[in-house]
Amino acid sequence: MTTFTLADLEAIVARRASASPEESWTAKLAAAGQTKAAKKLGEEAVETVIAAISQDRKNLVDESADLLYHLLVVLKIAGIPLQDVLAELERRTAQSGLQEKASR
C-alpha cells in the first residue's frame, strides 16, 4: 500500500505550477489559464467514464490518476486548497447521501 496522498500531489502541483512552462506540464497548463485546464479536466473525466464503462481496470486506474491530477491543477489555478474540498466532503458525509441531496 502506498503512503502517497492527495495532499502530496497538491504540494507537487503547487511546486511545479511555479516552474517555467518550458520545463513543466503543470506550469504550462497553469500559464494557459483556467479555461484550458478545465477543458483538460473535462477530457480526463470523459476518458475515466469510458474506461469505467469498458470495465478496463488498468485504464480506469490510469485515467483516474489523470483526473485527480487535473482536478488539483484546476483547484490550484482557482486558489482553492484541497482542504476546502475535503471539508465539504466531511460536511456532506455527516448525513446519508440521500439526505444530503434532498437538502440542496
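A short reminder: the numbers here are calculations on the coordinates, not readings from a lab. Source: prediction; values computed, not measured. No Cβ is skipped: glycine too gets one built from the backbone with ideal geometry, and neighbour counts run over all protein chains shown.
Relative contact order (percent) for region 6-102, with alpha-carbon contacts under 8 angstrom and 6 or more residues of separation?
Rounded, it is 26 percent for region 6-102.
Full-extension gain between Met1 and Ser103, please, as 0.36 nm times their residue separation minus the C-alpha to C-alpha distance.
33.0 nm
Excluding residues on the same chain fewer than 8 positions from Lys40, give the lysines whose Cα lies under 19 Å from its Cα.
Lys28, Lys76
Per DSSP H run of n ≥ 4, the term is -39500 (n - 2.57); total these for the chain, divide by its residue number, and report the mean residue ellipticity at 222 nm rounded to 500 deg cm²/dmol.
Calculated from helices alone, the mean residue ellipticity at 222 nm is -24000 deg cm²/dmol.
What GluC sites (Glu not before Pro) in region 1-70 are in a loop by DSSP, with at most 13 other Cβ atoms within 10 Å of the Cβ?
Counting only loop positions with at most 13 other Cβ atoms within 10 Å, the GluC sites (Glu not before Pro) in region 1-70 are Glu22, Glu23.
Is the C-alpha gyration tensor of region 6-102 telling us rounded, prolate or oblate? Criteria: a/c under 1.5 is rounded; beyond that, a/b larger than b/c is prolate, otherwise oblate.
oblate
Angle between the Cα long axis of helix 57-78 and the longest principal axis of the chain, 0 to 90 degrees, nearest 10?
70 degrees
Using a Gaussian network for the chain with springs between C-alpha atoms less than 10 Å apart, which of these wobbles most: Ala31, Ala17, Ala87?
Ala87
When the chain is modelled as a GNM with alpha-carbon springs shorter than 10 Å, which of Lys39, Lys58, Lys76 fluctuates the most?
The residue with the greatest mean-square fluctuation here is Lys58.
In degrees between 0 and 90, to the nearest 10, how far off the longest principal axis of the chain does helix 6-17 point, with axes built from Cα atoms?
Between helix and principal axis, roughly 30 degrees.
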